[in-house]
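Below is one structure, written out as structure tokens, with a few remarks after it.
Read the figures in this text as sums done on the coordinates, not as results from a lab. Small disclaimer: the values here were computed from a predicted structure and weren't measured. Note that each Cβ is placed from the backbone with ideal geometry, even for glycine, and that neighbours are counted across all protein chains shown.
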Amino acid sequence: MPELPEVETVRRGLEATTIGYRITGGVVLLDRTVAYPDTSTAFLAGLSGATVRQWRRRGKYLLADLERADGTTCGFGVHLRMTGQLLWCDRLAPLQKHTRVRLFMESDQTTPVDQSPMDGRDRELRFVDTRTFGQMWWIPPGIAEPQIVTGLGKLGPEPLSPDFSLAAFRAALAHRKRPIKNALLDQTIVAGVGNIYADEALFLSGIRSTTLCCELTAAQLETLRQNVVRVLQDSIALGGTTFSDFVGVTGTNGRYGGIARVYNRTGQPCLVCQTPIERIRLAGRSAHFCPQCQPKR
Ligand SMILES: [Zn+2]
């Protein structure tokens with residue numbers, strides 16, 4: 001499942017490819033991918049004629065600012081969920097097997113913004129999604145994003161922003177009798193941290209996944225907060241992880257998987273103390289840890 005670093009990698013890819021391109025139309029091959037408006041026809045009508053000006057990310061949501069011919073702005077939101085991929089293709093490229101939405105694009109610049117031999121025309125942003133949980137929204141002019149993309153309103157602080165402070169982290173966790181791993185996966189506490197990075201940050205902090213939030217000291221919480229930021233930044237620097245179905249917009253894999261310390265390393269020696277990494281079930285997910293470096297309280 002794409003987590004924050006993968007979504008950020010996709011955002012950067014979209015910034016490098018689609019800016020200045022005007023959406024000329026498209027095809028929705030699976031209606032339920034469109035979460036808003038109610039019909040695919042209204043979705044495509046809303047996007048058509050609008051030019052991509054900027055891509056932002058909030059948690060695992062991708063949000064595009066679009067400018068329409070009359071100068072007004074509207075928006076486009078995407079959540080990749082389990083297996084969604086946004087791919088920047090030539091329009092004539094054969095369709096990938098699980099293509100769900102196609103958005104046709106044309107450069108509105110006289111000079112092509114990318115150096116493709118297609119001279120800036122006949123490009124396409126394609127949404128490929130095997131498991132079909134991915135979602136898209138058209139955000140009409142003048143309407144606040146969280147009114148349409150309702151999940152945005154429930155997100156906790158952005159981990160790579162000053163909002164993710166020790167004070168905020170402590171306030172969200174204090175007195176809570178739930179395992180810290182579950183809290184890290186809770187998008188209302190911190191946005192965008194998933195299974196891989198929660199396991200890695202807990203390992204770097206020497207904290208067992210099952211430790212209850214209320215048992216952690218302020219110093220431990222600060223260490224953990226810093227390590228959450230560190231693992232996300234490290235992964236972004238490597239273009240996201242190699243795991244699951246993740247690819248960037250031009251189809252390349254990330255490289256973070258190769259440096260994961262505990263995630264997916266069950267039975268292999270801990271890189272610090274050689275003790276075999278263990279795996280348990282927690283919050284319906286796998287939790288990986290070193291029993292020596294992450295002692296049980
Ligand atoms: Zn160890």
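With a/c under 1.5 counting as rounded, go ahead and sort region 166-297 into rounded, prolate or oblate using the C-alpha gyration tensor (a ≥ b ≥ c being the square roots of the eigenvalues; past the cut-off, prolate if a/b is larger than b/c, else oblate). Don't jump to the answer; show the numbers that get you there.
Values: a/c = 1.86, a/b = 1.28, b/c = 1.45.
The shape class here is oblate.
Ranking request for peptides 183-196, 42-55: highest mean number of other beta-carbon atoms within 10 Å first, then the rest in descending order.
Details: 183-196: 21.3, 42-55: 18.8.
The most tightly packed comes first, giving 183-196, 42-55.
Loop only by DSSP, 10 or fewer other Cβ within 10 Å of the Cβ. Give me the trypsin sites (Lys or Arg not before Pro) in region 128-184 that pass, ordered by residue number.
On the way: sites: R131, K154, R170, R176, K177, K181; in loops: R131, R176, K177.
Counting only loop positions with at most 10 other Cβ atoms within 10 Å, the trypsin sites (Lys or Arg not before Pro) in region 128-184 are K177.
Reachable lysines from K154, Cα under 23 Å, same-chain residues fewer than 8 places away excluded?
Straight-distance partners of K154: K60, K177, K181.
If you take the square roots of the eigenvalues of the alpha-carbon gyration tensor of the chain and sort them as a ≥ b ≥ c, do you get rounded (a/c under 1.5), prolate (a/b over b/c) or oblate?
Numbers: a/c = 2.41, a/b = 1.86, b/c = 1.29.
Here the chain falls in the prolate category.
Would you please state which residues of region 218-232 a label at R176 would reach in this model, taking the label point 7 Å out along Cα→Cβ and a backbone N cut-off of under 17 Å?
Inside the label zone: 218-229.
Counting alpha carbon pairs within less than 8 Å and at least 6 residues apart, what relative contact order, in whole percent, applies to region 4-153?
Details: 316 pairs, mean separation 43.5, N = 150.
Relative contact order for region 4-153 comes out at 29 percent.
Could you check the simple spin-label distance between R230 and R91, using points 7 Å along Cα→Cβ, in nm with one decimal?
4.9 nm
Can you tell me the relative contact order of the chain? Whole percent, Cα pairs under 8 Å, sequence separation 6 or more.
Computed over the chain, the figure is 19 percent.
Ranking request for peptides 17-30, 213-226: highest mean number of other beta-carbon atoms within 10 Å first, then the rest in descending order.
Numbers: 17-30: 18.7, 213-226: 16.0.
Answer by packing, highest mean first, reads 17-30, 213-226.
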